[in-house]
Amino acid sequence: MRSSYSSCAAGTSKRARSWAEATVGQRAWLAAMEVAKRADAQVSTDTRTESSPRNPVCSLRHFACEQNLLSRPDGSASFLQGDTSVLAGVYGPAEVKVSKEIFNKATLEVILRPKIGLPGVAEKSQERLIRNTCEAVVLGGLHPRTSITVVLQVVSDTGSVSFPSCSRMCSELPLLLACCLNAACMALVDAGVPMQALFCGVTCALDSDGNLVLDPTTKQEKEARAILTFALDSVEQKLLMSTTKGLYSDAELQQCLAAAQAASQHIFRFYRESLQRRYSKT
């Protein structure tokens, strides 16, 4: 058993190096997405800006996703939402340390790495929210006494990277949370982890006049009096997780939840179309 644990530790270090090896792939993918966005802007006849293209039906920004980017993880996905991009990798089900072993289900761990610097309090809080969401849908009972690790690397975001973590909690992190949830879901699908449903993240903002904005930009988030982020499943649009900041009434909470549930239909449709395009090529 001791030798198996040492080999597991060696495998973990090799997996960590794979993220450094994937840096070139990340840049190439972002460059390809930028070219695609410019091509869409040239073909389109509307007046949407490139920094915040919107779907006129559900007011969501531009989505892009690519799976199986990394070779070492069991599953990986890169999710682009507007100008926010997150790369996710899933390891497992694999061997778990005895101290973290759960006898009747898999141990699920989430690691969120910021674009620069070390993880802070804000990242740890988001790790807990993402882990709770994943545990609500992952069928961990099918793989007891194993480990499933989701690693999320922020590639780009719309906020200022010069702010410390405590300041970012009030700006781009709510928007980043939704993108992390979407990237984690697509990576879990790519890894073949059994789930009872897919899930997605949707962020809503309420301005000073009470107007609701779906998938707000960083500027809109800073000007909002309340920001609400929801995680919803694909079967019944059931609420899996919610986190809020600011002042709002019960009626506004229900309004935001209803708008997020309606917007989730478009995200889940994008999931299906993305998977269909991928598997139709193979």
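Take the conditions (1) surrounded by 21 or more Cβ atoms within 10 Å (Cβ to Cβ); (2) modelled with pLDDT of 95 or more; (3) not aromatic (Phe, Trp, Tyr); Glu127 misses just one of them, which is (1).
Restricting the stretch 60-103 to residues that are among the hydroxyl-bearing types (Ser, Thr, Tyr) and closer than 22 Å to Tyr279 by Cα leaves a set whose member that is most open to solvent (accessible area, probe 1.4 Å) is Ser71.
Of all residues in the stretch 87-142, those that are assigned to a helix (DSSP H, G or I) and more than 24 Å from Lys245 (Cβ to Cβ) total 7.
The set of residues in the stretch 214-252 that are open to solvent by 30 Å² or more (accessible area, probe 1.4 Å), of a type outside the set (Asp, Glu) and within 24 Å of Leu198 (Cβ to Cβ) comprises Ser234, Val235, Gln237, Lys238, Leu239, Leu240, Ser242, Thr243, Thr244.
The values are calculated or read from the model by the stated rules, or taken from the named source; none is laboratory data. Keep in mind that what you see is a predicted model, and the values were worked out from it rather than measured. Glycine also receives a Cβ, built like all others from the backbone with ideal geometry; neighbour counts cover every protein chain displayed. Heads up: the accessible areas ignore ligands, DNA and RNA and are worked out on the full protein's heavy atoms, side chains in. Shrake-Rupley method; radii C 1.70, N 1.55, O 1.52, S 1.80 Å.
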